[in-house]
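Trainee: Here it is: the structure, laid out below.
Laboratory data are not the source of any read-out in this text; all were calculated from the coordinates shown. Keep in mind the model is a prediction, meaning the values are calculated, not measured.
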Amino acid sequence: GSGKTILMSALAKEIDKKTLILAHREELISQTEEKLKLFWPDAKVGICKAERDEIHQQIVIGSVQTCSRPQRLERLKEQGFELLMIDEAHHGVSNSYQSIINELGFSNGSDKLLIGVTATVKRGDDQGLGDVFEKITFSRSISTMIKAGYLSPVIGRRILTNFNFERIRTRNGDFAVEDLSEAVNTSERNQFIVKKFQEYAHERKGIAFCVDVQHCKDLAEAFKKVEIKAEAVYGDMPTDERKSILANLKNGKIQVVTSCGILTEGYDEPSCDCILMARPTKSQSLYVQCVGRGLRLWPGKQDCYVLDFTDKGHNLDSIMSLSNTMNESVHFLEDDKESVENEEVKIDR
């Protein structure tokens, strides 16, 4: 919410060179195109994605999946790009990004300019970005943005679901998806999540982050059973169907969407004022990305309410650890499955 896409647009206009902007999801590409044209209406913008091959324009917004294909990459090399910008730059160490960076001449020591923008510099696998970028040029913390009035305040409620994670394996710095899904995607737990949403956030518009696609579908069905309008969105669903669901969330026809990955990065729906962490995680970056979907400002929106479905013995990325990241006062309320007594604690740093 600090204006990364606007900053990229401003840099493209200021530098005024042949520019390639890379993103890894359909929503990010369309949002970048929208913001770029808003900021710079006269810009000549092309898209390089799937069947679209508008690489001769001065500003090209490309899908990393498409641009890294050998035949497409060979054609991009002929365009003479002098500025390369990577959205969600923490992905820049992956092989697909590296092939584009190297083949287009943007590796270390090049006189071309490589810029990355991200809200989460720390990767879940602890792999550093120093091999890709030379330095952090500019940064703003979440707490600074909240205090300055650019992001919404946060209220968090940690809710215990009394599950033991001792047998859940860890892979790449987070819980193994197949183990976690089997453990948490139960009818009882999903109904409990819906019950707590009804109890604490029934008038809010929410995004629930799940473990995998099946968890998304099952949790959405649990909401529907109590007549809360909800839908699951995931990467393999038809693009038009996903766009329709998100449009219905925007206009209020749907109250809750469930997602396991497609909405974690870059999704921009500022009217959402409730985040449900229906999946535990060890990844601080994933946690901040998910909660960040609710931090944008919107007329009449007073705060973002986070329902964090933590489990007994799970002392990981809850609202408490988010407050450490934010260095910000967070309202923290705790609720237990067996107890309806709540205690409010203010965390001051």
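Trainee: Of the DSSP beta bridges with both residues in the chain, give the percent that are antiparallel, rounding to the nearest 5.
Mentor: That works out to approximately 20 percent antiparallel.
Trainee: Give me the log10 of I(q) over I(0) for the chain at q = 0.09, 0.13, 0.14, 0.16 Å⁻¹, as the Debye formula computes it from C-alpha points; what are the numbers?
Mentor: Each listed q corresponds, in turn, to -0.51, -1.05, -1.19, -1.45.
Trainee: Right, here's the next one. Using amide H atoms built in the peptide plane, which far-off residues or other-chain residues are under 5 Å from Gly62 H to H?
Mentor: It is Ile21, Leu22, Ala23, Cys48, by chain and number.
Trainee: Under 19 Å Cα-Cα from Lys49, which lysines qualify once same-chain neighbours fewer than 8 residues away are excluded?
Mentor: Lys18, Lys35, Lys37, Lys77, Lys243
Trainee: Running a GNM on the chain with Cα contacts under 10 Å, which residue among Gly292, Gly300, Gly149 ends up with the highest mean-square fluctuation?
Mentor: Largest GNM mean-square fluctuation: Gly300.
Trainee: Rounded to the nearest 500, what is the chain's calculated 222 nm mean residue ellipticity when only DSSP H runs of at least 4 contribute -39500 (n - 2.57) each, over all residues?
Mentor: Using -39500 (n - 2.57) per qualifying helix, the result is -10000 deg cm²/dmol.
Trainee: Moving on. Top mean-square fluctuation among Gly46, Gly80, Gly109, Gaussian network model of the chain, C-alpha springs under 10 Å?
Mentor: Sorting by GNM fluctuation, first place goes to Gly109.
Trainee: Could you work out the relative contact order of the chain? I mean the mean sequence separation of Cα pairs under 8 Å and 6+ apart, divided by the number of residues, in percent.
Mentor: Over the chain, the number comes to 17 percent.
Trainee: Could you work out which residue, out of Glu26, Glu88, Glu199, moves most in a Gaussian network model of the chain, that is, has the largest mean-square fluctuation with Cα springs under 10 Å?
Mentor: Answer for the Gaussian network model of the chain: Glu199.
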